Amino acid sequence: MISNSHIILKHAKHYLGLMILSLLTLAVYAQNDNYDVRGGISEGLIAVRSEEKELWGFVDRNDKLVIRCKFDQVEPFEKGRSIVQFKGFFGVINVNDSLIISPIYDDLSSLDNRTFVVQLRELEGAIDHLGRIIIPIEYKKVIAIDEQLIIVKKEENWALANAQGDFKSDYIYKQVYPMREGMVKVKLDRHYGFVDHSGKLLIPAIYDNLKYFSEGYSPAQSNALWGMINRKGEITIDYQYQDIDPFHQGRADVKLDGKHGLINPNGELILPINYQSITPLGKNLIIAEDDQGLLLFDTDGTALSSQYYDKKESNPDLYEIKDHKILVSREGRFGYLHDDGSKFVECQYEDAKAFDGGVAQVGLGKKWGLLDQLGNLILKIEYDHISDFKGETAIVSQDSLLGLINRSGRLLTRVQYQEISPVASDLFIIKRDEKYGMMNQYGITTIPEEYSYFNKNLYSTGYLIEKDGKWGYLDKQGATILETIYDHLEVYDKGQNVIVEKNGKAALMNIDKIYKIPYNYDSLSITQERYVRLFKKGKVGLATIDGILLLKPKYEDIRNIEKSSAEVLKRNKWSTIHY
């Protein structure tokens, strides 16, 4: 029986939905082709965020705006539907931007975009893809385990329901765990069992503990010992271990008397139970650790070498597969193996890093060089430091000077710079003889080193420069936009607002030198509220960001600036003035 509260909620949802539909229909959003974030493509549509409004919509494959940017958040379309957030509340739209479920919920989620778990005023329930309630919104917690199984918490226990809202159990379970291989671990009283995706109890809750099904088997515990069961609940490996992990690629880690070994699904030992730890390394190798160090085995348990490797300590790259190579260490010296465990480079270096993009850094005597993917030394071991590659280039250091190299180990520049700072994938700010310039990724100087200051601007994509005490501005490619003729220069809002000073006077213009405020003031500053404070002869005034004068500079200070008023200080007294 549906309570009166549910009938009231139903009608409230109806009218609230109509109100929100009207808001969405009447809201006017000008199309904005400037998007600062893009999602992946899903069902022919791409989520985009308007850079100006910081709201989300969708474009098609041709970048045509098909759903205007008006949502706080959106999820990719699936089965013709997308979960959206509008003014803080969640709902669902279709590809035509029609509301399927009105955005009235505090939270909304789904595994298949057909059944949705919803939250409203800290209570949870479930609705179908038409917005119809299938599980009343009155529970402490509701979770969709998969497309067919929903779990519902009431007080401290859980019940099972299907996607149609039909309950398949009473509130009898103390805990319900995530589904693996179609089986869900449940706790009934003090014991554990498994149910299937329909909620049917397939394996009785008779075990002290269970883990999860993997490759058709699950570890099971009885009387403090672990074994394995299959999907029928049959014991396939007797209870004999202190611990046992689920199978992975036909192998399971077992523990006995504090030592580890590996078994196959028949319970046969692949590795004896002799090791402190056992770790898979990719698909082909196994690392086993004992008191003497590390041994390497193939997946059949055959040792690849009788010699021990050093234990993994401070070097985070050790025993990680990168570029099909493995960095290893033996007796304090570093070398490399192929990812099948065969030898690649002898352990001969005092320091080394993992391969990355076909090259690896190796060190001797506190100097560094480069190996290629054939094991050849392509950059001599003579540099104090080599940076990580960014794209195709890296920075080398020698005797406190810097140079640029590529992945072939070729020096693109002499080692002659005091500073090399990457500012884009293909551009670097350089400093030599205390002067700054710019070069490209080929080491070619694009702007000569003639500036005393050269740095990326915080509030735009370009660069502020200083030469002979005068300031200018370059775009992101290094082209001159404002010549170095200003005593002071500040660029805001991607060039929409530029404060400049010349001959002791300040003005406001844009990057195209269109003036909004002429050189009438001693200095200017832009406030957080996006107004301009005007300073003249020790007094303060106010203008809009477009240069409209609001208050002449005759006040000692101005604060709490709003659209039509501000507080001003005059003769040490604050008052509100309207404009």
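The values are calculated or read from the model by the stated rules, or taken from the named source; none is laboratory data. No experiment lies behind these values; they were computed from the predicted model shown. Backbone-built Cβ (ideal geometry, glycine too); neighbour counts: all protein chains shown. We work out accessible area using only protein heavy atoms, side chains counted, and drop any ligands, DNA or RNA first. Shrake-Rupley method; radii C 1.70, N 1.55, O 1.52, S 1.80 Å.
Among Ile429, Asn406, Gly391, which residue has its Cα furthest toward the positive end of the charge dipole of the range 358-437, with +1 on Lys/Arg Cβ and -1 on Asp/Glu Cβ? Highest projection toward the positive end goes to Asn406. Would you please classify the overall shape of the range 458-518 from the alpha carbon gyration tensor, given that a ≥ b ≥ c denote the square roots of the eigenvalues, rounded means a/c under 1.5, and beyond that prolate means a/b larger than b/c while oblate covers the rest? Oblate shape, in that a/c is at least 1.5 and b/c is the bigger or equal ratio. Sorting Phe90, Phe116 by accessible area puts them as Phe90, Phe116; the probe is 1.4 Å, largest comes first, and only protein heavy atoms count.
Can you classify the range 527-578 as rounded, prolate or oblate using the Cα gyration tensor, where a ≥ b ≥ c are the square roots of its eigenvalues, rounded means a/c under 1.5, and otherwise it's prolate if a/b beats b/c and oblate if not? Judged from the Cα gyration tensor, the range 527-578 comes out oblate (a/c at least 1.5, b/c at or above a/b).
Derived scalar couplings between HN and Hα for the range 390-404 equal 10, x, 9, 10, 9, 9, 10, 10, 8, 6, 6, 10, 10, x, 10 Hz in order, rounded to whole Hz, by the Karplus curve 6.51 cos²θ - 1.76 cosθ + 1.60 (θ = phi - 60°), x for Gly and Pro.
Rounded, prolate or oblate, given the Cα gyration tensor of the chain, with a/c below 1.5 counting as rounded? Oblate is the answer for the chain, as a/c is 1.5 or above yet b/c matches or exceeds a/b. Element breakdown for the range 221-328 at a 1.4 angstrom probe: carbon and sulfur atoms account for 43% of the accessible area.
Dividing the mean sequence gap of close Cα pairs (under 8 Å, 6+ apart) by how many residues the range 458-579 holds gives a relative contact order of 11 percent. In this rough spin-label picture, where each label sits 7 Å from Cα along the Cβ direction, the Phe535-Gln477 distance is 3.7 nm. Distance between the modelled labels on Asp107 and Ser277, one decimal in nanometres: 3.4 nm (7 Å Cα→Cβ projection). Computed over neighbours whose Cβ is under 15 Å from that of Gly40, the net charge equals -2, Lys and Arg +1, Asp and Glu -1. What the chain shows is 53 Å² of accessible area per residue, with the surface traced by a 1.4 Å probe over protein heavy atoms. The 3J(HN,Hα) values that the Karplus relation (6.51, -1.76, 1.60; θ = phi - 60°) gives for the range 548-558 are, in residue order, 6, 6, 9, 9, 5, x, 9, 10, 7, 6, 9 Hz. Gly and Pro appear as x. Relative protection proxy for 428-440, 304-316, from highest mean packing down: 428-440, 304-316 (other beta-carbon atoms within 10 angstrom). Per atom type, the range 458-518 shows carbon and sulfur on 49% of its accessible surface, probed at 1.4 Å.
Placing a pseudo-label 7 Å from each Cα along the Cα-to-Cβ vector at Ser525 and Gln416 gives an inter-label distance of 4.4 nm. Each stretch of four or more DSSP H residues adds -39500 (n - 2.57); spread over every residue of the chain, this sum gives -1500 deg cm²/dmol at 222 nm. Residues with amide H under 5 Å of Tyr486's amide H, sequence separation 5 or more or different chain, H placed in the peptide plane at 1.01 Å from N; which? Excluding prolines and chain starts, which carry no amide H, the hits are Trp471. The residues packed around Lys211, meaning those with a beta-carbon under 10 Å from its beta-carbon, carry a net charge of 0 if Lys and Arg are +1 and Asp and Glu are -1.
Backbone geometry of the range 442-448 corresponds, through the Karplus equation with coefficients 6.51, -1.76 and 1.60 at θ = phi - 60°, to 3J(HN,Hα) couplings of 9, x, 8, 6, 9, 9, x Hz, x marking Gly and Pro. Rounded to the nearest 0.05, what FRET efficiency do Ser452 and Tyr139 give with R0 = 56 Å and r taken as the Cβ-Cβ distance? Could you check? Step by step, r from the Cβ atoms, then E = 0.25.
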